[in-house]
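Reviewing the structure listed below.
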Amino acid sequence: MQGNLTGVKLLGRKNDDGDAKQAASTVVEEPAVAAGTTAPKGRPTPKRNESAKRRGPVAPAPMTTAEARKRRKEMRATLTKEERKADKVERRAAMNERRERMMAGEEAYLLPRDRGPVRRLARDVVDSRRNVLGLFMPAALGLIFVMLAVPQVQLYISPAMLVLMAIMAVDGILLGRKVNKVVDAKFPDNTEGHWKLGLYAAGRASQMRRMRAPRPQVERGAKVA
């Protein structure tokens, strides 16, 4: 009786072992989870550093304009002729858009010297009046042309230039005082120096109206408060 029980146990053990081996042989290995993706349920998520090693290090942002220009040159060297042409057209369009927005007076696209409400008010004061300083370039070119065309009047050109420069200096002083007065009235907490702001106004007034950047936002004779 005992021998029969032992035989049954041994048979049962073999059957269990055989079933375990058969189950192990029927297990199909699942494909490895790609790095950087979410693992299926029951499997560990891939580590972030493993995916970073596969992609390689990311180049830091350029610190200077020269470095950015060098990177663009290296990148263009790897492009085809059609890709370089398309990149040139895209960069030109972006540059034109930035210039147009700068000329329109959008704050984000202005040069550092033109930013801020104080500088905007100073430009409006300059653009709202007729400035003798704006005659500097055409008057200087006209006098030079006359001097070359009629050498006999050279003796009168130098005194005329001195008188013109004196008139422009007086006009620049008056303009600077007016700009500072308007700015102080509207922005009493302004910390910008009067001399610096006056030079900024005079420099803008010395340019012809159509050549000023950004474009004038007020008409001549408009009241600027």
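The values are calculated or read from the model by the stated rules, or taken from the named source; none is laboratory data. Please read these numbers as outputs of a predicted model, since none were measured by experiment. Glycine gets a Cβ as well: all are built from the backbone with ideal geometry, and neighbour counts include every protein chain shown. When the accessible area is computed, the model is the full protein with side chains, heavy atoms only, and any ligands, DNA or RNA have been set aside. Shrake-Rupley method; radii C 1.70, N 1.55, O 1.52, S 1.80 Å.
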**Message:** ALA86 - would you say it is open to solvent by less than 100 Å² (accessible area, probe 1.4 Å) and modelled with pLDDT under 80?
**Reply:** no
**Request:** Tell me, yes or no, whether segment 155-178 has at least one residue that is out of contact with any His (no Cβ under 8 Å at 6 or more places or on another chain) and either under 28 Å from MET95 (Cα atoms) or among the basic types (Lys, Arg) (or both).
**Result:** yes
**Complete:** Expected single match for more than 25 Å from SER206 (Cβ to Cβ), surrounded by fewer than 10 Cβ atoms within 10 Å (Cβ to Cβ) and modelled with pLDDT under 90 among MET75, MET63 is MET63
**Request:** Could you list, in sequence order, all residues of segment 171-225 that are surrounded by 13 or more Cβ atoms within 10 Å (Cβ to Cβ) and polar (S, T, N, Q)?
**Result:** ASN180, ASN190, SER206, GLN207, GLN217
**Prompt:** Which of the residues spanning segment 129-145 are modelled with pLDDT of 85 or more, of a type in the set (A, V, I, L, M) and open to solvent by less than 30 Å² (accessible area, probe 1.4 Å)?
**Reply:** LEU133
**Prompt:** Quick check: is even one residue across segment 152-170 assigned to a helix (DSSP H, G or I), within 18 Å of GLY116 (Cβ to Cβ) and open to solvent by less than 80 Å² (accessible area, probe 1.4 Å)?
**Reply:** no
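For every residue, the table says whether it meets (1) touching a residue at least 60 places away in the same chain (Cβ under 8 Å); (2) within 30 Å of HIS194 (Cβ to Cβ).
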site: GLY134; (1), (2): yes, yes
site: MET137; (1), (2): yes, yes
site: ALA140; (1), (2): no, yes
site: LEU148; (1), (2): no, no
site: GLN152; (1), (2): no, no
site: SER158; (1), (2): no, no
site: MET161; (1), (2): no, yes
site: ILE167; (1), (2): no, yes
site: LEU174; (1), (2): no, yes
